[in-house]
Amino acid sequence: MDDPGPRRVLLAVDGATVAVLTRVLFERLGYEVSRIRCDATAIDAVSGTRFNLAAIEAAADGAEAVAAACASGFASGPVPVLSLAAPGSVIHCAAASVTLPLTVAALRAAVGECQRQSDTEAGTGIDMKAIEELWGGTDSPAFLAVARMFLTELDRRLDQLATALAAVRRGDVELHAHAIKGAAGSVGATAISSAAARLESHVNGDDTELRARFDALTAAAQRGASALRAIVDRPAT
C-alpha cells in the first residue's frame, strides 16, 4: 500500500492568538500545520502541496476568496474547508465550522465532519448535507425541478463565459461567474460554486490566471453536472 504521508492542514488566519492556539490544537490531533494569512495571493505559494484540510478564520478579510480557492481545488484536488467562526461569520462553502475560542473536543468533531463530507462527496463536489437542509433531500420535487433548470442554465452560462473571455469582456465574465456561483450553491453543487467564486474574484487579474480559473470552473462543472444528472435522471422509486 502507498504511504499516504503526513496529515497536513492549511491554516489561514490573521489573528496571532488564533494562529498559535489553532496550531497547538491541530498538532495535538496529529496534523502538520502550514500557516498563511487570509490573502488569496498566498494560495499560489502552497497550491502544489497536498493538504487534507484547510482551516480558515471566517471573520478575516479575504477568507471567502481563500476558501473558494481551496474548495475549487489545488493541483492535488479540492481541499475541505473548516470555518473558524465567530457568530454570524461562517464561510459559505465550508464543510463544517467550529466556534472560537476552540477546544480540542470541538475541533476534533469539526474535523471529523469535514472528513465525512469529503468522503461522501469525493470526486463530485455535491454537498448532500446542503441539499438535505435546503430542500429536504434529493427526492424533493422542488429540488429536482430546480436542479434540472440549473443544468440547462449552466451549459448556457459556460458558453457565454467562454465568449466573454475570448472577447476580454471582463464585466460579462464577472456577471456570468456570479450567476453560476449563486445558482450552483442553491443545488448543493459546492465545487462549481467555489470555482465560479474564484473566477469572479479574479476578473480584473492577468489573462493567464483568468483563463486558468475558467478552465478550473469548466472541470468542476463537468464533474458536478454529471453527478447532478445522475441524481435527477434516476428512475422514480
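How much mean residue ellipticity at 222 nm does the chain get from its helices, if each DSSP H run of length 4 or more adds -39500 (n - 2.57) and you divide by all residues, to the nearest 500 deg cm²/dmol?
Rounded to the nearest 500, the figure is -18000 deg cm²/dmol.
Sort out for me the Cα centre separation of segment 182-225 from segment 12-81, rounded to whole Å.
Measuring centre to centre over Cα atoms gives 19 Å.
What translational diffusion coefficient, to the nearest whole µm²/s, does segment 8-121 have by Stokes-Einstein, given a Kirkwood radius computed over alpha-carbon pairs, a temperature of 37 °C and 0.692 mPa s viscosity?
243
Taking the Cα centre of segment 8-121 as origin and charging only Cβ (+1 Lys, Arg; -1 Asp, Glu), how large is the dipole, in debye to the nearest 20?
340
Considering only Met149, Ser194, Ala212, whose Cα is most displaced toward the positive end of the charge dipole of segment 142-229, charges sitting on Cβ of Lys, Arg (+1) and Asp, Glu (-1)?
Met149
Under DSSP H, which helices of the chain have Cα atoms covering 27 Å or more of the helix axis and a Kyte-Doolittle average no less than -1.0?
141-166, 207-232
Which one, Leu100, Leu161, Gly185, projects farthest toward the positive side of the charge dipole computed for the chain from Cβ point charges (K/R +1, D/E -1)?
The Cα lying farthest towards the positive end belongs to Leu100.
Charges only on Cβ, +1 for Lys and Arg, -1 for Asp and Glu: so what's the dipole of the chain about the Cα centre, in debye to the nearest 20?
Dipole about the Cα centre, nearest 20: 220 debye.
Only bridges with both residues in the chain count here: give the DSSP antiparallel percent, nearest 5.
Bridges in the chain are about 10 percent antiparallel.
In a shell of Cβ-Cβ distance under 12 Å around Leu217, excluding Leu217 itself, what net charge do Lys and Arg (+1) and Asp and Glu (-1) give?
Net of charged neighbours comes to +4.
Which entry in [x] 1.09; [y] 0.98; [z] 0.94 matches Rg/Rh (Cα atoms, Kirkwood Rh) derived from the coordinates of this structure?
[y]
The numbers here are math on the coordinates, done by the rules we state, and not lab data. Remember, it's a predicted structure, so these values are computed and weren't measured experimentally. Cβ coordinates were reconstructed from backbone atoms using ideal geometry, including for glycine residues, and neighbour counts include every protein chain displayed.
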